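The values are calculated or read from the model by the stated rules, or taken from the named source; none is laboratory data. Because the structure is a prediction, the values reported are computed rather than measured. Cβ placement follows ideal geometry from the backbone for every residue including glycine, while neighbour counts extend to all protein chains displayed. Just so you know, the surface numbers come from the protein's heavy atoms only, side chains and all, with ligands and any DNA or RNA stripped out. Shrake-Rupley method; radii C 1.70, N 1.55, O 1.52, S 1.80 Å.
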Amino acid sequence: MVTRDPSVAVVGAGMSGLCMAIALLRSGINDVTIYEKADEVGGTWRENTYPGLTCDVPSRVYQYTFAPKPNWSHMFSPGGEIQAYFRGVADQFGLRDRIRFGTEVVSARFEDDRWVVRTDAGDEAGAESEVDFLISATGVLHHPRMPSIAGLDDFAGPVFHSARWDHSVELAGRRIAVIGNGSTGVQLVCGLAGVAGRVVLFQRTAQWIVPMPNPPYSKFASRSHRAVPWLDRMAYRAYSFVFDTFAVALTKPGLRRAAMGALCRVSLRRVRDPELRAALTPSYEPMCKRLVVSGGFYRAIQRDDVELVTAGIDHVEPRGVVTDDGALHEADVIVACTGFDTHAFFRPMRLTGRDGIAADEVWRDGPRAYRTVAMPGFPNFFMMLGPHSPVGNHSLTAVAEHQADHILGWIQGWRRGEFDTVEPTQSATESYNDKLRAAMPNTVWTTGCDSWYLNKDGVPEVWPFTPAEHRAMLAETDLREYDLRRRVAAR
Ligand code: NAP
């Protein structure tokens, strides 16, 4: 029996924030405010608009189960189409009226069993408001990391990060220097090849690449998925099964890992020139860094107008990039595909929990969570895609839906008056993190490479089990692992 209505603030209107807000609204919780510092929804899909951007997770499984899109254009659809999907979902579920666009949450503090949320907006309503629950949905790949290369500011042409694409810059016929060959750099090289005059890819560390064709869906497929909705559900389940199988390769040594490795090694044979092939061959195990999925990269890199440079970058001068062998690689535009600060999570938002405890202090040695979604000392606070979420080569829409359901379960408990505040206990959080740490040596991420999955001590910060195990973990609740409290005088 519902006895009271909670107020909930969600920080971020990206994929996970929209998912959380919709879960709340669909369960009848209407006092939901979404804070979004930009002027549009979509998060990473709003910010990334570089040529060649697609999602390397198949569209039929990179969509919400509650908002299937029957007419995806491709198996791996382009970024613009995915962004249009999230914009459409925001409209379909009437979210826009609840989103405070252009409003950044700068801090939040827990006071008198409620969260006081402070924004940078000095509007009439005041910059502070109080809510019963605070949910961070600020994304993982959110803070672009520019490389610190001497002379970068002296370059005569445009320089920008891949997530801050400058669409005013003409590409046709220009010489583009691409720094970094992760998922972004590889997609960008494919997108620029044949469009730009010349593309020079600066590779610091070779990457393993799994080739995946990206066929378009026929009109017949779209019509069938629209007419027969269970086709969509079947495709979703089939892809989920594939990802769970793939996750076993990532998290446990064995046959599947060996098979994936063999596939990557065989694919490299597509590069005919032995010298180029050697330059593209990593010295670490396949999948140790996040596996790059690309059907076109090996073709693109063998083009005459695309060059691979493996010498280290020494500095940049006005005419181009100078490598440590003294060569000047002249360029008109430099694009840094150098990744993101993936350990920031909700920061720089300042979070102050029970008894004045600061999140920055708690996370001094690195981000830690309980079951990816909660933190001791921070009652009624939850995270979407929090620390150790399964963010590597998995469908994040699926992960977000499971986390949203779990968080909603707690909020429903509050609604029924079962408690006033909930937070995980310190000891449960410690033993949960011990379990994660114990599983890390089994994972491929610890087999001898550097990647954004690792913390400063070289320990992976991602989920060391399968997505199915993450789902199962969130589906069960052990009340002994939570500190549930009631106010002395009920509100
Ligand atoms: P990333 O995987 O972190 O790769 C950064 C690249 O920049 C690496 O090649 C790195 O080299 C290089 N680099 C960094 N600093 C450098 C420097 N100072 N000098 C030279 N090279 C430097 O970043 P990303 O490619 O943007 O991808 C980040 C994540 O975004 C991916 O792992 C994925 O999760 C996500 N993503 C997803 C998709 C999708 O389709 N779903 C597409 C793009 C990105 P080292 O390897 O030597 O460090």
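Quick notes on this one:
- Applying 0.36 nm per residue to the separation of residue 416 and residue 259 and subtracting their alpha-carbon distance, the gain on full extension is 51.5 nm.
- Projecting label points 7 angstrom from Cα along Cα→Cβ for residue 104 and residue 204 puts them 2.5 nm apart.
- Heavy atoms of residue 130 accessible to a 1.4 Å probe, total area in Å² rounded to 10: 100
- Taking 0.36 nm per residue of separation and subtracting the Cα-Cα distance, full extension of the segment from residue 92 to residue 434 would add 118.9 nm.
- Remark: the chain carries 43 Å² of accessible area per residue (probe radius 1.4 Å; ligands, DNA and RNA excluded).
- Computed with a 1.4 Å probe on the full set of protein chains, the accessible area for residue 37 sits at about 100 Å².
- Taking 0.36 nm per residue of separation and subtracting the Cα-Cα distance, full extension of the segment from residue 281 to residue 305 would add 6.5 nm.
- With R₀ fixed at 35 Å, the C-beta to C-beta distance from residue 212 to residue 39 puts the FRET efficiency at about 0.55.
- Label-point separation in nm, residue 270 to residue 427, each point 7 Å along Cα→Cβ: 5.5
- Based on C-alpha pairs under 8 angstrom that are at least 6 apart in sequence, the chain has a relative contact order of 21 percent.
- Accessible surface of residue 155, taken over heavy atoms with a 1.4 Å probe and every protein chain present, rounds to 20 Å².
- Estimated [θ] at 222 nm from DSSP helical runs (n ≥ 4, -39500 (n - 2.57)) normalised by residues in the chain, nearest 500: -9000 deg cm²/dmol
- Other residues within the sphere of radius under 12 Å centred on the Cβ of residue 482, judged by their own Cβ, net out at -2 (K and R +1, D and E -1).
- Accessible surface of the chain [probe 1.4 Å, protein heavy atoms]: carbon and sulfur percent: 52
- For the stretch 1-121, the relative contact order works out to 27 percent when only alpha carbon pairs closer than 8 Å and six or more residues apart are counted.
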